[in-house]
Amino acid sequence: MNFLAHLYLSGDNEEVKFGNFIGDWIKGNKFNNYNGGIRKGILLHREIDSYTDHHPTVHESILKLRPAYGKHAGIAVDILYDHFLSLHWKQYSTIELEDYVNNFHDYVMNNLDLLPKKARRFAFPFIRNKRLMCYADLKCFEEVLEKMAIYTSMPDKAKDAMLLIEKDYDALGNEFESFFIDLREFVERLKFN
């Protein structure tokens, strides 16, 4: 799952959300450098990633994008699932997406000293460009894929991916909904909030 889903699955605790947000930048046992709520968020991030990586429905989505992205198809699916979450946000939350995102941005900006160095470099453009707000728009999704090709080892295959997504859009949306039900139940059982 990508950032929006990780935040949503963190519940209402801002520290857990923050920990979940920085989870990719905290390796090994470095989570012990953080307080209880942030530590819980980092560990929750790991649990969500592990569950997602092993879920058969996610693998169905990955297979659909594999012709464009090969071994990186899972990353594209993570971002695509955030598209579907933001597109159907009102189905999952009573808080307007813009308010939700602005509140989280404020929390991050008030806690910059807790961000790992690489996360800090990422956070400024991420917040400035309101990436969490734009995922519902497939054009924004495509731009994110293009940026991933610049800043990561993902190949520059955004155009190819968009053709595959267009072809299987409804099936991918159904896979997200089915998987997200399972993921939410999984997170509920963890009692991280």
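The values are calculated or read from the model by the stated rules, or taken from the named source; none is laboratory data. Small disclaimer: the values here were computed from a predicted structure and weren't measured. Cβ atoms come from the backbone with ideal geometry, glycine included; neighbour counts cover every protein chain shown.
Some observations on this one:
- Search result, residues across segment 168-193 that are assigned to a helix (DSSP H, G or I) and without any contact (Cβ under 8 Å) to a residue 12 or more places away in the chain: Tyr169, Asp170, Asn174, Ile181, Glu185, Glu188, Arg189
- Some residue of segment 8-27 being surrounded by fewer than 17 Cβ atoms within 10 Å (Cβ to Cβ), among the polar types (S, T, N, Q) and assigned to a helix (DSSP H, G or I): no
For every residue, the table says whether it meets (1) touching a Gly at 6+ places or on another chain (Cβ under 8 Å); (2) at pLDDT 95 or above.
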residue	(1), (2)
Tyr107	no, yes
Asp113	no, no
Ala123	no, no
Arg131	no, no
Lys139	no, no
Pro155	yes, no
Ala171	no, yes
Leu183	no, yes
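- Residue list for segment 54-72, filter: assigned to a helix (DSSP H, G or I), in contact (Cβ under 8 Å) with a residue 12 or more places away in the chain and out of contact with any Gly (no Cβ under 7 Å at 6 or more places or on another chain): Thr57, Val58, Glu60, Ser61, Lys64, Leu65, Pro67, Ala68, Tyr69, Gly70, His72
- Lone qualifier among Ala161, Ala171 - being small (Gly, Ala, Ser) and either in contact with a helix residue (DSSP H, G or I) (Cβ under 6 Å, 6 or more places away or on another chain) or at positive phi (or both): Ala161
- Residue match in segment 29-45 (condition: within 21 Å of Glu175 (Cβ to Cβ), under 15 Å from the mean Cα position of the chain (by Cα) and either buried (at least 21 other Cβ atoms within 10 Å of the Cβ) or modelled with pLDDT of 95 or more (or both)): no
So that you can scan it fast, the table gives a plain yes or no per residue for (1) within 17 Å of Leu4 (Cα to Cα); (2) of a type in the set (D, E, K, R):
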position: Pro116; (1), (2): no, no
position: Arg128; (1), (2): yes, yes
position: Cys134; (1), (2): yes, no
position: Met148; (1), (2): yes, no
position: Tyr151; (1), (2): no, no
position: Lys157; (1), (2): no, yes
position: Ala161; (1), (2): no, no
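- Residues (part of a helix (DSSP H, G or I), free of Cβ contacts under 8 Å to residues at least 60 places away in the same chain and surrounded by 12 or more Cβ atoms within 10 Å (Cβ to Cβ)) located in segment 130-150: Met133, Cys134, Leu138, Cys140, Glu142, Glu143, Glu146, Lys147, Ala149
- Among the residues making up segment 171-193, those that are within 16 Å of the chain's Cα centre (by Cα) and either under 22 Å from Glu14 (Cβ atoms) or basic (Lys, Arg) (or both) are Leu183, Arg184, Val187.
- Within segment 151-162, the residues that satisfy the criterion of being loosely packed, with under 13 Cβ neighbours inside 10 Å and in a helix (DSSP H, G or I) are Tyr151, Lys159.
- For the residues Ile75, Ile95, Ile127, Ile165, the requirement of being free of Cβ contacts under 8 Å to residues at least 24 places away in the same chain and crowded, with 16+ Cβ neighbours inside 10 Å singles out Ile127.
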